[in-house]
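Input: a single structure, listed below in structure tokens.
The numbers here are math on the coordinates, done by the rules we state, and not lab data. What you are looking at is a predicted structure, and each value in this text was computed from that prediction instead of being measured. Because the Cβ atoms are built from the backbone with ideal geometry, glycine has one as well, and the counts that use them run over all protein chains shown.
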Amino acid sequence: MIITSKQKQSPVPIGIVLFLALLFAAVLPHQASAKNFSTVVIDAGHGGSDKGSNWYGVYEKNLSLDLSKRIQRILKSKGIPTVLTRSSDTYVALDKRAAIANRKSHFIFVSIHFNGHRNTSYRGIETFYYPGSSKGRQLAGKIQHELGARIKTKNRGIKAARLKVLRLTKGPAVLIECGFLSNRWENNRCNASWLREIIAEEIVQGIMAYR
């Protein structure tokens with residue numbers, strides 16, 4: 001069969017092919033990763049009659065609520081929908097906290113706490129995830145990687161723990177211990193507004209890196 005010049009198809013310019021390849025490479029990963037979650041459930045630890053860690057007149061329940069609200073504000077500024085398991089000094093049972101999260105679809109759960117120990121030399125930040133949860137572990141790793149990037153603190157790493165609130169939550173879930181209130185030096189820093197603002201920003205950076 002003889003192909004005339006009119007029947008011949010002009011090849012697509014190489015420049016266009018490369019442009020389209022780069023365009024899909026840039027767009028598709030973003031679209032896929034954006035599906036990791038649509039809502040962040042922020043769980044302020046303790047509350048009400050449950051004071052949490054209590055050292056040198058500083059209550060964990062107050063710091064965790066303040067930090068949770070800071071995280072919510074920053075996420076909202078980025079257009080990320082959020083839910084607080086408590087927005088005031090009230091007691092919320094662990095199963096109810098998980099239930100609040102489980103009513104959402106495509107969510108991640110971030111529980112905010114401050115540590116305490118009889119050995120007052122202990123200090124640093126650590127993040128927990130439920131054993132066997134690969135997504136929880138990944139989320140914990142992203143957040144822990146950011147924590148302490150701008151402040152001097154001990155990186156205590158990520159750890160698997162069978163904590164009830166993590167076990168009952170169906171989506172990727174982590175619990176962050178943001179410092180030891182039992183350590184006098186760290187207590188003073190955690191009680192400072194400027195430090196909680198930095199921690200909030202770093203946690204959000206970790207969340208966005210996971211997304």
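Listed values, structure above:
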item: For the range 38-210: lysine pairs under 21 Å (alpha-carbon distance), excluding those fewer than 8 apart on one chain; result: 29
item: Dipole magnitude (debye, nearest 20) for the range 38-210, charges at Cβ of Lys, Arg, Asp, Glu; result: 300
item: Neighbour-count ranking [beta-carbon atoms within 10 angstrom, fewest first] of HIS106, HIS46; result: HIS106, HIS46
item: Footprinting exposure proxy for TYR130, TYR91, TYR210, TYR122 (fewest neighbouring C-beta atoms within 10 Å first); result: TYR91, TYR122, TYR210, TYR130
item: Under-5 Å amide H pairs with ALA160, H placed in peptide plane, nonlocal only; result: TYR129
item: Mean Cβ count within 10 Å, highest first, over the residues of peptides 161-169, 111-119, 188-196; result: 111-119, 161-169, 188-196
